[in-house]
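Have a look at the structure below before the remarks.
The values are calculated or read from the model by the stated rules, or taken from the named source; none is laboratory data. Given the structure is predicted, the values throughout are model-derived calculations rather than measurements. Cβ: placed from backbone, ideal geometry, glycine included. Neighbour counts: every protein chain shown.
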Amino acid sequence: MLPSFFPSRTLSLYLARTFLLRSLAVLAALVLVLQALDLLGESGDILAYKGNGDAQLWYYVSLRVPQIIARFLPFSVLLGTLITFVTLNQNSEIIAMKAAGVSAHQVLAPLIIASIGIAGISFAFNDRIVSHATATLTAWQNVDYGPVPKATGIVSNVWVRDGDDLIHVDSVSGRLGSTTLHGITVYDRTGGNLQNIVRATRAIQAEGGWRMSGISRFNVARGVATPLAPLIFAKGVTPDRFTLADVDADSRGFLSLSQAVGDLKAAGRPTGALESALWHKLSGPLSSVLMPLLAAVAAFGLARSGQLFVRAVIGMGLGFTYFVADNFALAMGNIGAYPPFLAAWAPFLLFLLIGEAVLIRSEE
């Protein structure tokens with residue numbers, strides 16, 4: 001009969017509980033220290049606005065803590081795993097498990113399952129709480145921690161593609177059937193070659209398109225500008241393609257960001273960086289699953305001469321190297337050097353293979 005993937009129920013619960021408690025303790029310590037340091041740096045700016053006091057400081061903390069938790073949760077899992085394995089190794093518990101016939105993968109299995117649970121909670125936390133906190137904090141910081149004005153519903157500097165033509169709008173006001181465009185410039189192209197530049201002061205919805213007024217047309221070939229009567233342009237272009245503002249991936253949940261990416265694609269705008277961020281909303285929380293595997297060298301390794309500290313440092317180095325590679329890949333995705341899917345998932349898959357290879361090479 002094939003051996004079970006898990007050790008005994010008692011041992012599995014013991015390992016998972018030890019791992020979770022230590023990871024949560026590390027996370028609490030990191031959040032406490034980092035929030036205190038962050039508040040020291042920001043409190044001057046918050047209190048600089050007349051009328052702000054303790055209530056605004058606590059409000060800032062309530063918005064900043066979710067961001068710190070989201071950013072440092074994988075680090076906490078890494079450190080929690082290292083502390084767990086170092087403690088088990090020092091107390092010869094790993095040796096006792098091995099002597100009882102428990103393999104390295106069986107020792108890791110309860111930690112992997114627990115970290116999958118952490119990843120699921122992390123995704124939901126980021127999607128529901130962190131994105132909202134980020135959007136609120138960004139809006140508050142944009143007004144130097146003063147009263148946040150209500151949304152005006154005005155979008156500025158919008159680009160839309162209509163076939164070969166490019167349309168630039170200075171500002172868009174209103175919603176749905178009452179959408180109005182101000183300061184329109186239409187770059188009339190045929191086969192990629194610019195033919196005319198049409199400018200209008202205003203446009204409203206009409207006859208399945210947009211009726212422009214205050215129009216002038218500049219013929220590129222002749223170099224002549226002539227006024228035009230009101231006309232209809234961009235038939236089939238819906239108002240939502242003009243009302244798309246700049247999308248902040250950190251301020252949106254997964255579904256909201258996915259919808260925004262689809263809308264931007266339909267509008268002909270580049271979405272590479274946003275697609276990378278969208279995929280990373282899945283791969284980021286899953287990085288917690290890698291940490292037990294990368295830190296396993298602290299418990300399992302070829303060295304048997306008491307070099308526990310060295311193995312712990314190696315495990316920490318593997319974990320932090322993953323975070324460096326992850327940030328580098330995202331940066332490459334943002335500038336278009338990597339495809340979005342590769343930018344988000346390549347570091348995860350690479351270090352999954354590295355961690356598994358080290359574990360098999362050393363123990364199995």
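General observations
- Among (1) modelled with pLDDT of 90 or more; (2) of a type outside the set (Val, Ile, Thr); (3) not in a helix (DSSP H, G or I) - the single one Phe5 does not satisfy: (1)
- Put simply, of Val158, Val143, Val130 the only residue that is touching a strand residue (DSSP E or B) at 6+ places or on another chain (Cβ under 8 Å) and farther than 24 Å from Gly317 by Cα is Val158.
- Filter pass, Leu82 being buried (at least 16 other Cβ atoms within 10 Å of the Cβ), among the aliphatic types (A, V, I, L, M) and more than 18 Å from Met291 (Cα to Cα): no
- Search result, residues across the range 30-61 that are touching a Ser or Thr at 6+ places or on another chain (Cβ under 7 Å) and free of Cβ contacts under 8 Å to residues at least 40 places away in the same chain: Leu57
- Test result for Gly44, in a helix (DSSP H, G or I), on the phi < 0 side of the Ramachandran plot and surrounded by 19 or more Cβ atoms within 10 Å (Cβ to Cβ): no
- The residues on offer are Thr10, Thr18, and the sole one that is without any contact (Cβ under 8 Å) to a residue 40 or more places away in the chain and under 30 Å from His105 (Cα atoms) is Thr10.
- Residue in the range 340-364 that is farthest from Arg71 (Cα to Cα), counting only those that are in contact with a helix residue (DSSP H, G or I) (Cβ under 8 Å, 6 or more places away or on another chain) and free of Cβ contacts under 8 Å to residues at least 24 places away in the same chain: Leu342
- Output for the range 161-199, where each listed residue is of a type in the set (A, V, I, L, M) and assigned to a strand (DSSP E or B): Leu166, Ile167, Val169, Val172, Leu181, Ile184, Val186, Leu194, Ile197, Val198
- Residues that are without any contact (Cβ under 8 Å) to a residue 24 or more places away in the chain, surrounded by fewer than 13 Cβ atoms within 10 Å (Cβ to Cβ) and of a type outside the set (A, V, I, L, M, F, W, C) within the range 118-149 comprise Asn142, Pro147, Pro149, listed in sequence order.
- Considering residues of the range 213-240 that are without any contact (Cβ under 8 Å) to a residue 60 or more places away in the chain and of a type in the set (Val, Ile, Thr) only, the residue surrounded by the most Cβ atoms within 10 Å (Cβ to Cβ): Ile215
- Residue match in the range 2-22 (condition: of a type in the set (Phe, Trp, Tyr) and in contact with a His (Cβ under 9 Å, 6 or more places away or on another chain)): yes
- Residue match in the range 127-136 (condition: of a type outside the set (Asp, Glu) and more than 26 Å from Ser43 (Cα to Cα)): yes
- You will find that of Leu27, Leu32, Leu37, the residue that is assigned to a helix (DSSP H, G or I) and under 17 Å from Pro74 (Cβ atoms) is Leu27 and no other.
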